[in-house]
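Scroll down for the structure; my scribbles are underneath it.
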Amino acid sequence: MYGIFLRICEKDLFLFFNWKGWISMGKLNVVGIGPGGLEHMTLRAKQVIEESDVIVGYTKYMAFVKPLIQGKELVSTGMRGEKERCAKALELAKDKVVSIISTGDAGIYGMAGLILEMKKDENIEIIPGVTASSSAASVLGSPLMHDNCNISLSDLMTPYDLIKKRVECAAEADFIISLYNPRSNGRPYYLKECIDIVKKYRKSNTPIGVVKNALREGQEINLFTLDTFLDEVVDMFSIVVIGNSQSFIKDGKFVTPRGYNI
Ligand SMILES: C[S@@+](CC[C@H](N)C(=O)[O-])C[C@H]1O[C@@H](n2cnc3c(N)ncnc32)[C@H](O)[C@@H]1O
């Protein structure tokens with residue numbers, strides 16, 4: 001795949017030559033739209049969505065970008081339709097400018113990986129977004145100031161034993177841990193079991209922040225310690241941030257020190 005890029009009348013125009021040597025004006029933007037509020041979307045994300053002919057996404061997420069997609073062709077699918085959604089986006093991108101949207105960052109439990117695995121000769125641009133752990137961190141205080149990791153508790157594509165092993169290794173290595181997909185009706189005990197694993201390595205006053213709908217409508221913030229943690233407040237729209245051995249709560253904010261001498 002090779003191509004040329006033109007800018008005409010303030011609009012990006014891409015001319016690509018596919019493997020047969022034919023000209024194609026199609027393009028697929030894989031867009032991380034951030035946590036939900038338009039003010040937290042990157043300028044590039046907003047620009048490519050506005051320039052797209054077609055928007056592809058999970059029905060619920062289309063609502064987050066509603067003001068930007070009026071009059072465009074919309075292809076929305078339900079929650080488990082990831083492969084169909086990506087196949088459709090790739091097919092449409094052969095001759096149209098298409099954006100497939102993910103919340104947060106498209107490369108963190110989003111659509112970027114699947115698109116690159118399934119692509120043939122389509123022209124792809126991946127546009128980063130503010131991921132849920134960063135959004136949650138900003139409203140909790142500064143919990144991610146030192147080495148940190150993301151672990152998804154979803155076992156749809158990862159065996160639960162491996163998830164628990166990752167939690168154990170991250171806890172032992174003193175990482176701050178952000179738990180994505182922390183609790184659903186189908187696996188109500190995983191979160192509690194993972195918190196029990198962390199308890200083996202952290203003191204009882206280690207902060208835990210739970211943020212539901214970070215930086216979008218319906219935001220809720222709960223601050224606990226390992227000892228006071230209540231998993232009932234957590235659902236699939238929440239992220240759980242567990243501090244490291246140095247984290248503390250100051251004036252209602254979750255702080256992890258970087259290590260400066262003050
Ligand atoms: C499939 S993952 C998608 C992650 C997304 N690509 C990102 O980078 O934020 C879905 C999980 O992300 C977390 N999440 C996404 N947006 C969130 C938000 N605004 N507030 C809290 N958690 C969020 C939740 O844990 C949710 O179950």
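Just a few scattered comments:
- Using the Cβ-Cβ distance between Lys250 and Lys66 with R0 = 30 Å, the FRET efficiency computed as 1/(1 + (r/R0)^6) comes to roughly 0.20.
- Radius, Kirkwood style, for the chain when every pair of distinct Cα atoms is counted (Å): 19.8
- The antiparallel fraction among DSSP beta bridges confined to the chain stands at about 50%.
- Label sites at Ser204 and Glu84, each approximated as a point 7 angstrom past Cα along Cα to Cβ, lie 5.1 nm apart.
- Ranked list, fewest to most other Cβ atoms within 10 Å of each Cβ, for Val210, Val233, Val31: Val233, Val210, Val31
- Phi-based couplings in Hz for the range 232-245 (Karplus 6.51, -1.76, 1.60; Gly and Pro marked x): 4, 6, 9, 9, 6, 9, 10, 10, 10, 10, 10, x, 8, 5
- Over the range 119-262 - Rg/Rh using Cα atoms and the Kirkwood inverse-distance radius: 1.00
- Between Thr59 and Glu217, the distance separating the two model label sites (each 7 Å from Cα on the Cα→Cβ line) works out to 1.7 nm.
- Restraint check, Lys60/Lys96; Lys72/Lys120; Lys96/Lys212; Lys46/Lys253; Lys46/Lys88, Cα-Cα greater than 28 Å: Lys96/Lys212; Lys46/Lys253
- Cut-off 17 Å (backbone N to label point 7 Å along Cα→Cβ of Lys120), residues of the range 51-84: 84
- Close amide H pairs (under 5 Å, H built 1.01 Å from N) link Val56 with Val75, Ser99, Ile100, Ile101, residues at least 5 positions away or on another chain.
No value in this document is a laboratory result; all are computed from the given coordinates. Since the model is a prediction, treat every value here as computed from it, not as a measurement. Ideal geometry is used to build each Cβ from the backbone, glycine not excepted, and the neighbour counts take in all protein chains shown.
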